[in-house]
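Here is the structure we will look at, set down as structure tokens.
What follows is calculated from the coordinates using simple rules that are stated; it is not laboratory data. Everything numeric in this text was worked out from a predicted model, so none of it was measured. Every residue, glycine among them, receives a Cβ derived from its backbone with ideal geometry; neighbour counts consider all protein chains shown.
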Amino acid sequence: MLGAAASACTPLLPGPPAAVRSKSNGPAALLPRAHSAPRLRLRRSPEPTRRRRRMASAAATGGGGGGEMSSVEDFAAVASPGGGGGRISVVGFGSLLSERSARSTFPELEGFRVAALRGFRRVFAHSAPIFFERGIAIEATKEFSSLSVEPCEGELIVVTVFEIKEQEVPAFIEREHEFRFLAVVPEGLDGVPYANPAVVCARYSDEEYFQVRCKGSKEIYNQRYGRYNINRIWRDDILPCRVYLRHCVLAAKNLGEPAYSNFLDHTYLGDRKTTIREYLATTGAGIMEEEPPESLKSRYGG
């Protein structure tokens with residue numbers, strides 16, 4: 001899955017001294033680079049259930065990611081207590097770097113903030129049917145990829161984190177049908193891990209998707225992908241959808257310099273070598289000057 005470039009991954013933002021603490025999973029200031037990286041520790045809520053202990057332990061293994069979530073019950077296992085029911089923390093790494101975009105999908109989200117996620121990198125290797133539906137996919141040049149994340153030792157990406165209601169989980173699972181849901185432990189930009197795990201949409205595989213999510217049914221697959229002439233979802237020979245890429249870059253820029261530079265230098269094309277900064281300076285030159293269609297200016301405006 002990781003490809004030949006995995007060994008080239010290098011850490012971006014070292015963590016702070018152990019004395020620094022994040023407050024209530026809130027935003028934190030970026031500290032100087034001179035500190036050594038902390039070891040992630042998950043601080044569990046009192047009297048966790050057996051399922052919650054299992055999911056939290058898996059999430060804390062291997063530097064921030066691990067536990068795969070395949071059911072509503074798995075999501076509930078990492079829910080934090082809240083008024084009117086539990087809340088699930090969601091990691092945004094592409095369009096959800098924009099609070100406006102996040103609220104268009106999750107109108108009742110709470111606690112939108114900037115965070116960091118260790119042990120993952122962003123890659124444009126996901127064929128997205130939504131771009132065909134909205135008329136912004138360019139099939140001739142293979143410019144119809146959106147983002148996913150995948151494990152990569154030593155990497156760190158600046159992301160957003162926010163909370164949704166537990167009741168929203170079934171719709172979330174349905175909407176992100178082709179992704180692998182992983183329980184992860186984000187951290188503040190001070191390097192201190194959050195108290196509760198969050199869910200991130202990671203790269204899946206075509207084989208698993210067909211057998212597990214589509215239950216081996218060609219009819220289900222064709223309904224979701226085949227009608228767009230997509231015979232492979234996860235592939236390394238496609239390029240970013242231009243409108244979507246511009247939106248993600250602008251969203252990262254609106255979050256501040258750390259998020260902006262991180263997106264440009266730690267987001268890759270499917271070759272796992274070419275960064276978005278390099279792509280926009282070469283083959284992708286001009287993308288940032290292109291306006292989205294009028295009907296999509298609000299959704300894809302950064």
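Quick one: give the max-minus-min coordinate of the C-alpha atoms of the stretch 88-231 along each principal axis, largest first, in Å.
Reported extents, whole Å, longest axis first: 45, 34, 29.
At 0.36 nm per residue, and after removing the present C-alpha to C-alpha distance, how many nm does the segment from Q211 to N229 gain when stretched out fully?
Result for the pair: 4.6 nm of gain on full extension.
Give the shape of the stretch 105-179 as rounded, prolate or oblate, defined through the alpha-carbon gyration tensor: a ≥ b ≥ c are the square roots of its eigenvalues, a/c under 1.5 means rounded, and otherwise the shape is prolate if a/b is larger than b/c and oblate if not.
Cα axes put the stretch 105-179 in the oblate bin.
Using the structure shown, list the pairs from K142/K218; K218/K253; K253/K273; K142/K297 with a Cα-Cα distance above 31 Å, or answer none.
Over 31 Å apart, Cα to Cα: K218/K253.
Please compute the length gained on full extension between E133 and E176, using 0.36 nm multiplied by the number of residues separating them and subtracting their Cα-Cα distance.
13.9 nm
Using the 10 angstrom Cβ neighbour count as an exposure proxy, how do S98, S217 rank, fewest first?
By the 10 Å Cβ count, ascending, the order reads S217, S98.
Kirkwood Rh over alpha-carbon pairs of the stretch 171-225, then Stokes-Einstein at 4 °C and 1.567 mPa s: what D in µm² s⁻¹, rounded to an integer?
The calculation lands on 100 µm²/s.
Can you tell me the equivalent ellipsoid semi-axes for the stretch 182-302? Use √(5λ) from the Cα gyration tensor, largest first, whole Å.
Values: eigenvalues 156, 105, 45 Å².
Computed over the stretch 182-302, the values are 28, 23, 15 Å.
Subtracting the Cα-Cα distance from 0.36 nm times the residue separation, let me have the gained length for S104 to K142 in nm, one decimal.
Length gained between S104 and K142: 11.0 nm.
Can you check what the Kirkwood hydrodynamic radius comes to for the stretch 48-296, Cα pairs only, in Å to one decimal? Numbers along the way, then the final one.
Details: mean 1/r = 0.0541 Å⁻¹.
Hydrodynamic radius (Kirkwood, Cα only) of the stretch 48-296 equals 18.5 Å.
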